[in-house]
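Chemist: Structure in structure tokens, see below.
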Amino acid sequence: APYRYFKDKAEILATVRAAAFSRFSDAVEAAFASGKTPAARARAIGTAYLGFALAEPNAYRLIFDLTQPHEEQYPELAFQSARAKEILSRQSKDLIDAGLAPDDVEEVTHSLWSAAHGVCVLYMAGKFPSADRARDAYRNTMRWLFMGLHAEAQKAPRSTSKSAKESR
């Protein structure tokens, strides 16, 4: 029956992935908007990110465990994928602008995303006995990561940074 509406399996998968990305992006966008400070926004995004993975593990896996060949052929999927990355990059820029992270938006984004993803995947693989233990691990991981990011930000002069150059 689905083939009445879709060209092939890849189009069905792209549509389902785009919908999952949209829900994920909605959650982290709302979280970002809810915070009053960069640190509060980062905590809110972290809560939303982990919350999505815990509440919708299958959707999370569809988003991050699969590589869709020729993603650009599926405009909604490409848009939603880019939207998710943009929100996470906006969070990094926010932290950088506040002096809480070193001036490299891409590196900060990938570091935070990798740490978040790692905890989510470990939980889904049964490596934590409960969602509460995964939340504890997430909080500790992020706390330690943010301590390191802040220490790095204090070392580097901001005027020679990548994000400062990009914003000129």
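The values are calculated or read from the model by the stated rules, or taken from the named source; none is laboratory data. Not measured: the values here are computed from a predicted model. Cβ sites come from the backbone with ideal geometry, for glycine too, and all protein chains shown count toward neighbours. In case anyone asks, the SASA skips ligands and DNA or RNA and just uses the protein heavy atoms, side chains included. Shrake-Rupley method; radii C 1.70, N 1.55, O 1.52, S 1.80 Å.
Chemist: Condition first: over 21 Å from Phe24 (Cβ atoms) and not β-branched (Val, Ile, Thr). Can you find one or more residues in the stretch 78-88 that meet it?
Modeler: Quick first cut of the stretch 78-88, residues over 21 Å from Phe24 (Cβ atoms) only: none.
No.
Chemist: Mind checking which residues of the stretch 39-69 are assigned to a loop (DSSP other than H, G, I, E, B) and without any contact (Cβ under 8 Å) to a residue 12 or more places away in the chain? I'd like the intermediate steps shown before the answer.
Modeler: From the stretch 39-69, those assigned to a loop (DSSP other than H, G, I, E, B) are 56, 65-69; that's our starting set.
Those that are assigned to a loop (DSSP other than H, G, I, E, B) and without any contact (Cβ under 8 Å) to a residue 12 or more places away in the chain: Asp65, Thr67.
Chemist: Follow-up. Looking at this structure, is Leu77 crowded, with 18+ Cβ neighbours inside 10 Å and in a helix (DSSP H, G or I)?
Modeler: For Leu77, the condition - crowded, with 18+ Cβ neighbours inside 10 Å and in a helix (DSSP H, G or I) - is met.
Chemist: Still on this structure, I have one more. Given the structure, is Thr109 part of a helix (DSSP H, G or I), open to solvent by less than 30 Å² (accessible area, probe 1.4 Å) and polar (S, T, N, Q)? Show your work before the answer.
Modeler: Numbers: part of a helix (DSSP H, G or I): yes; open to solvent by less than 30 Å² (accessible area, probe 1.4 Å): yes; polar (S, T, N, Q): yes.
So Thr109 fits the description; yes.
Chemist: Can I ask one more? Return the residues of the stretch 21-38 that are open to solvent by less than 40 Å² (accessible area, probe 1.4 Å) and assigned to a helix (DSSP H, G or I); say none if nothing qualifies. If you could, list the steps in order and put the result at the bottom.
Modeler: Applying the first criterion (open to solvent by less than 40 Å² (accessible area, probe 1.4 Å)) to the stretch 21-38 yields 21-22, 24-25, 27-28, 31-32, 35, 38.
Those that are open to solvent by less than 40 Å² (accessible area, probe 1.4 Å) and assigned to a helix (DSSP H, G or I): Phe21, Ser22, Phe24, Ser25, Ala27, Val28, Ala31, Phe32, Pro38.
Chemist: Something else about it: Does any residue of the stretch 70-85 turn out to be closer than 18 Å to Thr47 by Cα and out of contact with any Phe, Trp or Tyr (no Cβ under 8 Å at 6 or more places or on another chain)?
Modeler: Applying the first criterion (closer than 18 Å to Thr47 by Cα) to the stretch 70-85 yields 84-85.
Subsequent filtering for residues that are out of contact with any Phe, Trp or Tyr (no Cβ under 8 Å at 6 or more places or on another chain) retains 85.
Yes, there is a match, as at least one residue in the stretch 70-85 is closer than 18 Å to Thr47 by Cα and out of contact with any Phe, Trp or Tyr (no Cβ under 8 Å at 6 or more places or on another chain).
Chemist: Answer yes if at least one residue in the stretch 99-106 is among the acidic types (Asp, Glu) and surrounded by fewer than 16 Cβ atoms within 10 Å (Cβ to Cβ), and no otherwise.
Modeler: yes
Chemist: Kindly provide the set of residues from the stretch 44-74 that are crowded, with 20+ Cβ neighbours inside 10 Å, modelled with pLDDT of 95 or more and under 11 Å from Phe21 (Cβ atoms), ordered by number.
Modeler: Phe52, Tyr60
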